[in-house]
Amino acid sequence: MLRLIATSLCLRCQRVTALPLTLRPCATLSSSENQQTVEALHDLSVDIQKVRKLKGWVLHQSPAYTKEVADLLRDMGASGSIVARILAVHPEAVLCHPVQIQAQKELWMSVCPNQKELVGIIEKFPASFFTSSSHHDNQRNNIVYFQSLNLNKRIITKLMASAPLSFSRPVEQNEVMVCTLQQAYLELGGEEANMKIWLQKLLSQNPFVLLKPPAVLRQNLLFLRDKGFSTAELLRLLSKLRGFVTELNPDSMRRTLAYSQETMGCSEAELRDIILNCPALLYYPEAILAERIKGLLSAGISMAQIMDTPTVLELTTQIVNHRIQLLRAHRYDVRTGSLEVLNGTKKDFEMSYGKLQLRRERPLFNPVAPLKGDD
């Protein structure tokens, strides 16, 4: 029996909601728009109609600090067009007091290499930067905690930007989940010397793993163990899934595995090999798998080919059909060739497709080779 998690760990699901922007006690909501805010946004070339349509309530708040926020962003190196885009997407920023924003800037600069990169983060994740001042203490404590784990600063910055809820909550909750992950990694045979790199990759690939209840990880690993996966294979799955194992649950995996085995007509051992080669298969419900398998079979691809290259099931039917048509134009028959050429991202496929084009267009003789003359 795997001793994955101590019973003292918190196993209750922590429900989280979107970060609220806590309005200042002195802020008031008027039935008419704050003309100073409207004029200031107009002067900054902000799309007022977009703001009215998506977040019109902001224009009714008073006081607002539109000019001050814009000046602070410009002082950080943001161009006028970038300032306009940020305020159009996240107009709530103008309700943040300049002192609060300055405090946020100092907090983020403790892990961000330079102001230029911070501006890029704010442009992409404005809601993560313009948060309520009530979260500052939690943010600061979480930064200190992740720094104590010797995580790369860029990883910490990415966590703050893409999963702000994990930094707005008490640090103790993150400590529990990180401890759970580390304990599972070690008990599954992972080497302590490699744990920091493993944790960095996991958090980088799936920053939302911190928001999951630790009990989910334990339940899923125990379920997979009961399905015959060895300790080494469980570690391989946990590493390949980059923490997405916390997105699953035993019931959904049970249905997916049962459907896959019945449809493919394989043994349990063969099914485990297929899952190890394509862990993402665990995520898909029966309906999606049925559609994708049907699409592959209708294209003349055999079930044996699918089992040999199960990662092809990660692609939608539309993408597969499009790629098959392109390959046929270059006389590549997926019914008899390897399905590996179908796999990968758009960039991966384009590289494989380009090689086929070169092979087709390559001359039959080497034009620079000397011709054989008569002896």
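Within the span defined as the stretch 299-307, every residue fails to be of a type outside the set (Phe, Trp, Tyr), in a helix (DSSP H, G or I) and within 23 Å of the chain's Cα centre (by Cα). Counting the residues of the stretch 107-124 that are surrounded by fewer than 17 Cβ atoms within 10 Å (Cβ to Cβ) and within 27 Å of Leu181 (Cα to Cα) gives 1. Residue-level check: of (1) at pLDDT below 95; (2) surrounded by fewer than 21 Cβ atoms within 10 Å (Cβ to Cβ), Asp71 misses just (1). Selection of the stretch 139-158 for residues being surrounded by fewer than 19 Cβ atoms within 10 Å (Cβ to Cβ), in contact (Cβ under 8 Å) with a residue 24 or more places away in the chain and polar (S, T, N, Q) yields Asn141, Gln147, Asn150, Asn152. Scanning the stretch 206-256 for residues that are modelled with pLDDT under 90, on the phi > 0 side of the Ramachandran plot and either outside any loop (DSSP other than H, G, I, E, B) or surrounded by fewer than 17 Cβ atoms within 10 Å (Cβ to Cβ) (or both) gives a single hit, Arg242.
Scanning the stretch 128-138 turns up one or more residues that are farther than 30 Å from Gln182 by Cα and either among the hydrophobic types (A, V, I, L, M, F, W, C) or at pLDDT 95 or above (or both). What number of residues in the stretch 332-375 are at pLDDT 50 or above, part of a loop (DSSP other than H, G, I, E, B) and farther than 15 Å from Ala299 by Cα? Total satisfying the criteria: 3.
Being under 26 Å from Ser338 (Cα atoms), exposed (fewer than 14 other Cβ atoms within 10 Å of the Cβ) and in contact (Cβ under 8 Å) with a residue 12 or more places away in the chain is a description that does not apply to Gly295.
The values are calculated or read from the model by the stated rules, or taken from the named source; none is laboratory data. A quick note: this is a predicted structure, and the numbers were derived from the prediction, not measured. Every residue, glycine among them, receives a Cβ derived from its backbone with ideal geometry; neighbour counts consider all protein chains shown.
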